[in-house]
Structures are given as C-alpha cells and as structure tokens.
Protein chains: 2
Amino acid sequence: MREGLKIFKIGGGIIDDDAQLQQFLTELARISGPKILVHGGGKGASQMLQSLGIEPQMVQGRRITDAATLDIVTMFYAGKTNKQVVALLQAAGVNALGLSGADGNAIRAVKRPVKDIDYGFVGDLPEGSINTALLGQLLQAGITPVFCAITHNGLGQLLNTNADTIASTLARALAAEYEVELHFCFEKDGVLSDINDEQSVIPQIVPAQYQQLKAQGVIAAGMVPKLDNAFAALEAGVERVVIENALKINEPVKTVLCRS
Amino acid sequence: MREGLKIFKIGGGIIDDDAQLQQFLTELARISGPKILVHGGGKGASQMLQSLGIEPQMVQGRRITDAATLDIVTMFYAGKTNKQVVALLQAAGVNALGLSGADGNAIRAVKRPVKDIDYGFVGDLPEGSINTALLGQLLQAGITPVFCAITHNGLGQLLNTNADTIASTLARALAAEYEVELHFCFEKDGVLSDINDEQSVIPQIVPAQYQQLKAQGVIAAGMVPKLDNAFAALEAGVERVVIENALKINEPVKTVLCRS
C-alpha cells in the first residue's frame with residue numbers, strides 16, 4: 001500500500017492576513033503524516049512594485065513578468081513569505097523546509113513560449129518537471145517541504161509559475177509513489193451549489209456529476225478552470241482533491257472530488 | 001578517517017557584481033566533494049531601504065535591524081540573492097539547495113540580548129545552534145547547501161545573523177564529523193604582510209606566528225577580528241582556514257591558517 005501524502009495549496013489572500021495565516025498554519029500542524037505546502041503570492045509584491053514606481057506590465061489583460069517584476073516576486077515569494085511561513089511552522093512543531101523550484105532542482109520549468117503574447121519570465125511545467133527523488137528523501141526525513149511559486153529552467157534563469165499549477169503538478173508526479181490528497185484551500189467552505197448561499201457546500205462530486213453541474217451552470221464560471229484542473233489530476237492518479245476553507249481544514253465541511 | 005568538507009564564505013562585494021559572482025560560482029563548481037556555501041548580503045537591501053524611504057537605524061555607529069529592515073534583508077538575502085545563486089549553481093552542474101536557518105531548523109539563533117544597545121532582530125549563535133543531522137543528510141545526498149545570513153529563533157521570529165559567524169559556526173559544528181576546510185573568500189589574494197603590496201601574500205600562518213605578526217602590527221587592524229575568529233575555529237577542531245580571493249579559489253595563491 002502506498003503511504004498517504006497531503007498537499008495543501010493556499011492563495012494570496014491568506015498570506016496577506018497575519019492572523020489568518022497563523023490560524024491556518026496552526027491547523028496544518030495538527031495534520032499528521034507526510035505533507036507538502038504550496039503558497040501563492042499575496043499583494044505585497046504588487047504594492048512594492050508600485051512603491052518603487054514599477055508599473056505592472058499588462059498585455060491583453062494578462063500580467064507580464066518582466067525582469068524587474070521577477071526580481072520583486074522572487075524577493076517576496078521565495079524570501080519574505082516563504083521564510084515567514086517556514087519560521088511559523090517550525091514554531092508550531094512542523095519541520096518545514098522552504099523551497100523554490102531551483103533548490104535541489106526540485107521543479108524544473110520551461111519558459112512559456114512566445115505566441116500571441118510574450119508573458120516574460122513565466123515557467124510552465126511539462127511532464128517530468130518534478131524531482132520526486134528529492135521530495136521522497138525530504139518526506140522520508142520527516143521534513144515538510146514548503147514551496148513558493150518560483151521555479152527555474154536549469155540554465156540559471158528563475159521563472160514565475162502559477163501556485164495552483166505547482167500544487168497539481170506535484171500531486172500528479174508524486175501519485176506514483178504516494179496516495180496523494182490534494183487540498184485547495186481558499187476563503188469559502190467548498191464548492192457551492194448556490195453562489196449566494198455560503199451554506200450550500202456540495203460535499204462530494206464525481207466526474208459524471210461534475211459534467212452535469214457544469215452543463216446546468218450550477219458551478220460558477222470562476223470555479224470551472226480550478227475544477228477542470230482538479231479532475232485532470234484525479235485522472236492522472238491523484239486519489240482525492242479537496243476544496244475547503246483554509247481556516248477549517250480540520251472541520252468536516254468541504255467538497256471532496258473523487259474518481260467514483 | 002573523516003570525509004573532507006569545504007565551507008566557502010563570500011561577502012557582499014561579489015554579490016553586487018554579476019560577472020564576478022558568475023566567475024566565482026563557475027570556479028566553485030570545479031571543486032569536488034562535499035561543500036557548503038555561505039553568502040553575505042550586498043548593497044541591494046540598503047538601496048531598496050533607501051528607495052522606500054526607510055532610513056538606516058544607527059546607534060553608536062552600529063546598524064540596528066528593525067522590523068522593516070528585517071523584512072527587506074530577508075527578501076534580498078533569502079529571496080533574490082539566495083535563489084539567484086542556487087539557480088546559477090544548478091546551471092553549473094552543482095546540486096545546490098538554498099537555506100535560511102529556519103529551513104529544516106538548520107540554524108537556530110538567539111536574539112541578541114539588549115545591553116547598551118538594542119540591535120533589534122539580530123541573532124547570535126550559541127553552542128548547539130547547527131542542525132548537523134540535517135546537513136549530514138543533505139551532503140550525503142550530494143546536495144550543496146547554500147546559506148543566506150537569515151536565521152530563526154524557533155519561536156517564529158526570523159533574525160539577521162552575520163555571514164562570517166554562520167560560516168565559522170557551521171565549520172566548528174561539522175568538525176566532529178568532517179575534516180573541515182573553511183574558506184573566507186574576499187577581494188584580496190590572502191593576508192598581506194604589507195597592506196600596500198598586493199603581492200605580499202603570507203602563504204601560511206600558524207598560531208605562534210600570528211601572535212608575533214599581531215604584536216608587530218604587521219597584520220592590519222581590519223583583519224584582526226577575522227583572523228582571531230579563524231584561529232578560534234582551528235582550536236575548536238576545524239582543520240584549516242583559507243583566506244583567498246573569491247575569483248582565484250582554484251589558484252595556488254592564498255593564505256592557509258593551520259594549527260601547526
């Protein structure tokens with residue numbers, strides 16, 4: 001039997017709120033067994049870019065990571081946020097170790113090819129991006145890897161990679177060796193059947209149901225890419241995907257996505 | 001016989017010069033066997049503090065690390081510089097992994113007690129600060145740990161620690177298990193017998209000689225604390241301390257300090 005592994009992804013909102021971040025990390029410390037945390041960015045980087053007079057580069061509504069922006073996001077994601085999270089987890093008794101994709105060649109990305117838009121220093125994760133041997137060694141040693149959303153291309157270039165993508169790529173790559181549960185933590189209690197009713201959490205969704213809910217328009221537009229991504233992870237061997245409130249990971253309320 | 005381990009420390013000057021940093025890292029990649037790199041800060045953090053209108057806090061000529069300064073140095077040291085160095089080493093074929101003291105609880109510091117001066121968030125390293133088990137595991141796995149000068153206190157607080165202190169404390173702690181060579185790399189070729197003659201490198205110094213050179217005033221004032229620290233490391237079991245030019249680590253010119 002494969003050992004269990006829980007991968008948690010938290011977004012920028014919780015990073016920006018010290019009290020909420022502390023609460024999430026305290027709850028995370030109560031989760032036993034091997035685990036990995038992936039964290040998003042938060043508003044700090046944008047605010048600093050503004051303070052320094054660096055205007056966000058947007059093309060067709062999409063943010064471009066130019067060299068100055070990459071420098072600042074690396075400082076925030078891999079520096080301030082990652083080290084703060086690691087120090088707080090250490091204080092909570094979790095042997096956390098912060099990683100970018102460059103560290104130990106943990107995640108090797110490919111700079112996004114320029115088609116209509118040049119996204120700049122953005123990294124995509126092809127098959128084989130994840131150094132599963134390194135992660136196995138760290139987990140074996142009782143370490144909780146904490147990933148920020150910075151990767152590298154193996155040629156000395158750091159890249160900015162979406163944190164959701166990192167979490168699901170880790171989950172897929174590690175599914176061969178572990179029974180992986182992928183947790184997307186956000187500010188709602190789960191997937192809602194009525195966007196205006198916070199109580200309407202759908203406890204469980206299997207693929208056939210998901211297709212129905214999508215067809216009926218029950219699942220709101222913003223959730224569709226997240227859930228498409230989640231079901232793709234299930235198809236690729238991930239055992240379970242959980243959509244839940246970052247402040248309630250130890251409470252029963254949540255949406256569990258599973259293959260059947 | 002204990003296995004050899006080389007610990008290299010580079011300062012801020014080389015961090016600020018992309019070409020020199022690349023040259024040093026290329027030379028470092030040619031050094032075989034287990035190794036650790038410790039890097040200092042560079043001017044980036046001070047420049048950013050200035051750009052953001054944060055005035056350096058000085059008391060009696062000593063820099064104070066207040067909360068805002070700690071945030072910025074963490075971003076630069078643990079974020080930008082550490083990840084850049086790691087990505088460049090990975091490109092050079094070295095399996096580097098960046099660490100602050102918080103990561104894997106690698107270095108646990110104690111906030112400097114307030115006596116005459118409150119230095120703020122500065123961490124000193126008492127006996128037992130180094131997680132030698134973690135470092136042993138990483139080195140065993142063929143990984144080159146790359147330390148920035150940020151530590152933690154185990155209670156969730158990050159601290160700013162002198163990079164020379166980190167390097168010599170690592171060397172002393174690992175001397176029980178490894179035959180440690182500690183390399184302080186800087187912009188000169190070694191310890192000079194004539195401060196005005198760059199060619200006057202003293203090839204080797206043993207403790208008795210050092211006392212003489214100090215008494216004669218041959219060794220310049222600025223070098224004294226560095227060398228006192230180096231000879232203390234030798235007394236504590238470090239095999240050899242090397243003072244050398246960061247750009248010439250594979251050349252014979254250098255000063256080697258040894259016990260006899």
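Values quoted throughout were computed directly from the atomic coordinates according to the rules given, and no laboratory measurement underlies them. Just so we're clear, the structure is a prediction, and the values are computed from it rather than from any experiment. A quick note on method: Cβ atoms are made from the backbone with ideal geometry, for glycine too, and the neighbour counts reach across all protein chains shown.
Worth pointing out:
- Chain B Cβ-axis minimum, rotational copy A, residue and distance in Å: B:79, 1
- Nearest-20 debye value, the stretch B:191-260 charge dipole, Cβ charges on Lys, Arg, Asp, Glu: 160
- The stretch B:85-165: trypsin sites (Lys or Arg not before Pro) falling in loop per DSSP and having at most 11 other Cβ within 10 Å: B:115
- Using a 7 Å Cα-to-Cβ projection, residue B:141 label spacings across copies, nm, ascending: 0.5
- 28 Å Cα-Cα threshold exceeded, pairs from A:35/A:80; A:226/A:248; B:83/B:214; A:83/B:43; A:6/A:83: B:83/B:214
- Sequentially through the stretch A:237-250, phi angles give Karplus couplings (6.51, -1.76, 1.60; θ = phi - 60°) of x, 5, 6, 8, 10, 10, 10, 8, 6, 4, 8, 10, 5, 9 Hz, Gly and Pro residues having no value and appearing as x.
- For the pair residue A:212 and residue B:259, label points projected 7 Å from Cα toward Cβ lie 7.7 nm apart.
- In order through the stretch B:170-182: 3J(HN,Hα) via Karplus (6.51 cos²θ - 1.76 cosθ + 1.60), integer Hz, x for Gly, Pro: 4, 4, 5, 5, 8, 5, 5, 9, 10, 8, 8, 10, 9
- Partner aspartates and glutamates for residue B:254 [C-alpha distance under 12 Å; skip if fewer than 8 residues away on the same chain]: B:187, B:189, B:198, B:244
- Taking amide hydrogens as placed 1.01 Å from N in the peptide plane, the amide H of residue B:41 sits under 5 Å from those of B:12, each at least 5 positions away in sequence or on another chain.
- The residue B:60 and residue B:176 beta-carbon pair, evaluated with R₀ = 51 Å, returns a calculated FRET efficiency of approximately 0.85.
- Residues of type aspartates and glutamates that residue B:115 reaches as a straight line, Cα spacing below 15 Å, ignoring anything fewer than 8 places off in the same chain: B:124
- The stretch B:139-186 and the stretch B:40-95 have their alpha-carbon centroids 17 Å apart.
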